[in-house]
1. Only one of 162, 174, 178 is buried (at least 18 other Cβ atoms within 10 Å of the Cβ) and either modelled with pLDDT of 95 or more or touching a helix residue (DSSP H, G or I) at 6+ places or on another chain (Cβ under 7 Å) (or both). Can you tell me which?
2. Would a scan of the range 309-326 turn up a residue that is more than 22 Å from the chain's Cα centre (by Cα) and either assigned by TED's automatic domain parsing to the domain that holds residue 127 or among the aliphatic types (A, V, I, L, M) (or both)?
3. Kindly state which helices (runs of 4 or more DSSP H) lie completely within the range 98-205 and contain at least 1 residues that are under 16 Å from residue 221 (Cα atoms).
4. Does any residue of the range 213-236 turn out to be near the ligand (Cβ under 8 Å from one of its atoms) and within 30 Å of residue 297 (Cα to Cα)?
5. Could you tell me which of the residues 131, 198 is surrounded by fewer than 19 Cβ atoms within 10 Å (Cβ to Cβ) and hydroxyl-bearing (Ser, Thr, Tyr)?
6. Condition first: among the β-branched types (Val, Ile, Thr) and at pLDDT below 95. Can you find one or more residues in the range 317-324 that meet it?
7. Taking the residues in the range 276-298 that are closer than 15 Å to residue 316 by Cα and within 9 Å of the ligand (Cβ to nearest atom) as candidates, determine which candidate is surrounded by the fewest Cβ atoms within 10 Å (Cβ to Cβ).
Amino acid sequence: MATAARTLLSRTLQSTARQAFPKPTLRRNLATFNTTSTRTTAQPLRRARQTRFQSTEAAPKKGGNGLLLGALAVAVLGGGGYAYTSGALDAYLVDPEEAKKPKTGKGWIPSFKDYQDVYNDIAAILEDNDYDDGSYAPVLVRLGWHASGTYDKETKTGGSNGATMRFEPEAGHGANAGLVVARDILEKIRQKHPWITYSDLWTLAAVCAIQEMGGPIIPWRPGRTDKDVAACTPDGRLPDASKEHKHIREIFYRMGFNDQEIVALLGAHAIGRCHPDRSGFDGPWTFSPTYFTNSFYKILLETKWIYKKWKGPVQFVDQESGSLMMLPTDMALVKDKEFRKHVERYAADEKTFFDEFAAAFGKLLELGVPFEKDESFRFKRTTDDE
Ligand code: HEM
């Protein structure tokens with residue numbers, strides 16, 4: 001192994017534990033709590049790679065290999081041009097002459113590589129040790145979900161097409177509190193890639209965040225357009241965490257989801273946390289809030305939950321450590337028989353969860369979008385790079 005590579009590996013391995021549980025309380029609690037996913041500790045190398053590419057350093061250049069593959073591809077195919085594709089290798093199928101042209105103006109069509117570049121730039125800014133649990137990834141997932149979850153299948157209004165949360169009526173909706181953090185960091189990416197629409201950018205960022213946290217590959221298509229303030233949806237389309245089964249079904253059936261898809265989507269609560277100054281609720285759902293795993297379901301089933309004694313809204317904490325939480329809507333997933341059977345399936349088999357989450361989340365991000373192309377991109381994780 002080359003010295004530089006060895007040094008890098010050693011540096012990343014040393015920081016893995018710190019990155020995995022950036023908050024001392026989370027690290028400490030892991031030692032006394034046995035129901036969390038074992039993947040976090042069982043796959044240090046993968047996490048090390050993830051850490052490396054989530055660092056504040058610029059994402060690694062594709063370098064010689066990329067150029068070589070590009071040249072080969074061009075030679076073999078007689079010029080790649082615009083490639084709607086799902087193969088990771090095809091990221092490089094860009095005609096060098098095309099690449100020199102300015103990325104703007106009539107007739108210019110972004111290639112898969114242009115979108116992968118956006119993906120890589122988002123991946124490079126995810127980590128920030130001064131923010132929450134050390135990563136913006138969870139709040140980017142929440143932005144993508146809240147931008148899309150306003151969809152109403154009857155009136156065909158709302159959804160990710162439009163990025164109307166840029167405007168005050170929708171930005172100010174209670175459910176969207178705190179999402180300004182996500183919109184602001186993506187603004188930096190938009191300045192570098194001004195050709196991408198906000199609605200494509202926000203959904204792509206959610207895909208990037210999930211993949212870079214070790215989650216499944218989520219098929220993604222470009223083609224959303226930004227709308228103006230008139231397209232803002234009325235308040236109340238997103239779920240209220242203090243409610244239960246009936247409300248959850250009303251909200252998600254309105255978007256066009258079934259029970260299985262609802263349970264799959266809620267597995268995203270494996271990542272991130274509640275903030276008292278945003279939703280009023282407090283705490284993370286898992287001990288590994290920056291890693292996408294099936295641990296939400298395991299913890300939900302295996303833990304003894306008690307009401308949190310505090311002046312805030314009704315929520316649950318784990319009896320053993322008092323540091324994990326569940327919302328009333330989360331608890332509804334184990335109380336309701338139909339929901340519970342999927343919770344059990346996902347707790348028992350992470351691959352099934354990943355497959356069904358990827359399908360449901362991809363669907364969520366596409367609700368109400370009039371795409372012209374059927375084929376989806378599958379972005380390459382920066383963590384799979386070595
Ligand atoms: C019944 C449905 C849902 C309810 C009631 C709900 C409620 C909440 C609440 C109250 C928070 C805390 C916000 C804060 O204080 O910062 C939150 C965070 C979060 N939610 Fe949900 N959620 C639901 C569904 C979903 C879905 C479908 C996804 C994605 C597929 C999702 C992803 C997230 C993520 C990633 C966070 C963490 C954000 C962060 O750490 O900043 N949620 N959710």
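The values are calculated or read from the model by the stated rules, or taken from the named source; none is laboratory data. Just so you know, these numbers come straight off a predicted model, no measurement behind them. For neighbour counting, all protein chains shown are included, and Cβ atoms are generated from backbone atoms with ideal geometry for every residue, glycine included.
1. Criteria check complete, one pass: 162.
2. Kept after step one, since they are more than 22 Å from the chain's Cα centre (by Cα), are these residues of the range 309-326: 309-323.
From what is left, the residues that are either assigned by TED's automatic domain parsing to the domain that holds residue 127 or among the aliphatic types (A, V, I, L, M) (or both) are 314, 317.
Scanning the range 309-326 turns up at least one residue that is more than 22 Å from the chain's Cα centre (by Cα) and either assigned by TED's automatic domain parsing to the domain that holds residue 127 or among the aliphatic types (A, V, I, L, M) (or both).
3. Values: elements: 112-124, 137-148, 168-171, 180-192.
By residue number, 112-124, 137-148.
4. Applying the first criterion (near the ligand (Cβ under 8 Å from one of its atoms)) to the range 213-236 yields none.
No; the residues of the range 213-236 include none that is near the ligand (Cβ under 8 Å from one of its atoms) and within 30 Å of residue 297 (Cα to Cα).
5. Within the list 131, 198, the selection yields 131.
6. Here is the first cut: in the range 317-324, the residues among the β-branched types (Val, Ile, Thr) are 317.
With at pLDDT below 95 added as a condition, the list becomes none.
Scanning the range 317-324, I find no residue that is among the β-branched types (Val, Ile, Thr) and at pLDDT below 95, so the answer is no.
7. Selected residue: 276.
Condition check ((1) touching an Asp or Glu at 6+ places or on another chain (Cβ under 7 Å); (2) at negative phi; (3) within 14 Å of the ligand (Cβ to nearest atom)) across all residues:
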| site | (1), (2), (3) |
| --- | --- |
| 322 | no, no, no |
| 335 | no, yes, yes |
| 357 | no, yes, yes |
| 384 | no, yes, no |
